[in-house]
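Just below is one structure, and these are the notes that go with it.
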Amino acid sequence: MDTRPGLIERAAALLREDVNPMGPPSLDGPAISSSGIGSGSAGRITRTHTLDRVALAGQGIVMPWADTQRAVEEFRVVKRNVLTGWQSLGHLNGSRQSAHSVMVTSSKPREGKTFTTLNLALSFAAEENLTVILVDADPIRGDAGRQLRVPSEPGLTTVLSGDVGLTDALIQTDLPNLLVLPCGAHGPHVPELLSGRGPSGIFDDLTRRYNDCVIVIDTAPALASTAPASLAPMVSQIVFVVEAGHTQRSEIESALHLLTGCSRISFLLNKAPPSNEHFGGYSYYNGSDDA
């Protein structure tokens, strides 16, 4: 693999000089009772959905086991880097951060965040021994659920509000190891729901329910919503999507200042022109580094 520093690697090096982690934001807020999270139809998932592979392919979402496109290999590289990151995060055991959770965000809309989320989740789903739960945590737009063509309700916010149990909101896709938790309804109370203890409880419950569970979370852009900053302390890694030739350094810096609750942030360069570099640019920004 070509290890020459690329655009994002250079950006990461520069950003390390400027970004000073300020510690995780408070997780104070109303906690969801275990009955609110875990109740449901006798603990069984009854909602099912068959993925429309043709429609997904039209949006650039590829099935990793049935395609040899460059994007498939690129997301395999991203997946392996995320898996390697988890192997080095054993110190998170016992913290509020779910061990195998990755949140995908960006600075602004339309930079490829949901495209990245869906392809990354499908890449994880190609692993035989993993259960993948794709969480749509963007109730305003709900792009992940919309592109998968699943109903938005009941979903994450419905569970957080205590109206339904987790198993009533989860959807089993026709891929045996891929489940979806839709976004749920949007409303004025949603920012407080996402900033409280509820999401962490849901992630913990999913981890208890499913062995070798990977939680992939699609959330709003960091400069357009408070949700990414609220969820950052609850996840072990963040994939931050940067649009080539479009995202400004000042926007990346502003977004990173909001995401200091997670110390491991990676950059994914999207919409980059073809080059001879192997699989494009991908690198880590570790918020705990002093360099």
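Give the stretch 177-214 a look and list any residue that's assigned to a helix (DSSP H, G or I) and either β-branched (Val, Ile, Thr) or in contact with a strand residue (DSSP E or B) (Cβ under 6 Å, 6 or more places away or on another chain) (or both), or say none. Answer for the stretch 177-214, where residues must be assigned to a helix (DSSP H, G or I) and either β-branched (Val, Ile, Thr) or in contact with a strand residue (DSSP E or B) (Cβ under 6 Å, 6 or more places away or on another chain) (or both): VAL190, ILE202, PHE203, LEU206, THR207. Among residues of the stretch 181-239 being under 21 Å from GLN87 (Cβ atoms) and among the acidic types (Asp, Glu), the one that is modelled with the lowest pLDDT is ASP212.
Within the set THR50, THR105, the sole residue that is at pLDDT 85 or above, surrounded by fewer than 17 Cβ atoms within 10 Å (Cβ to Cβ) and not charged (D, E, K, R) turns out to be THR50. Out of everything in the stretch 53-102 that is closer than 30 Å to GLY261 by Cβ, surrounded by 14 or more Cβ atoms within 10 Å (Cβ to Cβ) and β-branched (Val, Ile, Thr), what residue ends up being modelled with the highest pLDDT? Only one residue tops the list, namely VAL102. Out of SER225, SER230, SER236, SER250, report the one residue that is free of Cβ contacts under 8 Å to residues at least 12 places away in the same chain and of a type in the set (S, T, N, Q). One residue alone meets the criteria, SER250.
Scanning the stretch 129-141 for residues that are within 13 Å of ALA227 (Cβ to Cβ) and surrounded by fewer than 21 Cβ atoms within 10 Å (Cβ to Cβ) yields ILE140, ARG141. Scanning the stretch 258-279 for residues that are in a loop (DSSP other than H, G, I, E, B) and either modelled with pLDDT under 90 or among the aliphatic types (A, V, I, L, M) (or both) returns LEU259, SER263, LYS271, ALA272, PRO273, PRO274, SER275, ASN276, GLU277, HIS278, PHE279.
Answer with yes or no whether ALA224 is under 15 Å from the mean Cα position of the chain (by Cα), small (Gly, Ala, Ser) and surrounded by fewer than 24 Cβ atoms within 10 Å (Cβ to Cβ).
The answer is no for ALA224.
Find all pairs meeting these conditions: Cβ atoms under 6 angstrom apart; at least six residues apart or on different chains; first residue within the stretch 106-134 and in contact (Cβ under 8 Å) with a residue 12 or more places away in the chain; second residue surrounded by fewer than 24 Cβ atoms within 10 Å (Cβ to Cβ) and among the acidic types (Asp, Glu). Filtered contacts from the stretch 106-134: SER107/GLU251; GLU111/GLU243; THR114/ASP143; ASN129/ASP212; LEU130/ASP212.
When LEU268, LEU259 are screened for being closer than 19 Å to ASP138 by Cα and surrounded by 21 or more Cβ atoms within 10 Å (Cβ to Cβ), only LEU259 passes. Taking the conditions (1) under 22 Å from SER263 (Cα atoms); (2) modelled with pLDDT of 95 or more in turn, ILE133 satisfies each one other than (1).
Residue count for the stretch 142-165, restricted to those that are surrounded by fewer than 24 Cβ atoms within 10 Å (Cβ to Cβ), over 18 Å from LEU56 (Cα atoms), of a type outside the set (Val, Ile, Thr) and touching a residue at least 40 places away in the same chain (Cβ under 8 Å): 2. Is it true that some residue in the stretch 242-257 is modelled with pLDDT of 90 or more and part of a strand (DSSP E or B)? Looking for residues that are modelled with pLDDT of 90 or more and part of a strand (DSSP E or B), one finds at least one in the stretch 242-257, hence yes. Taken over the stretch 170-195, residues that are touching a residue at least 24 places away in the same chain (Cβ under 8 Å) and either closer than 15 Å to VAL132 by Cα or crowded, with 19+ Cβ neighbours inside 10 Å (or both) amount to 18.
Taking the stretch 96-176 and the strands (runs of 3 or more DSSP E) fully enclosed by it, the elements with 2 or more residues that are farther than 24 Å from PHE240 by Cα are at 171-173.
The values are calculated or read from the model by the stated rules, or taken from the named source; none is laboratory data. Because the structure is a prediction, the values reported are computed rather than measured. Positions of Cβ are generated from backbone atoms using ideal geometry, with glycine treated the same way; all protein chains shown enter the neighbour counts.
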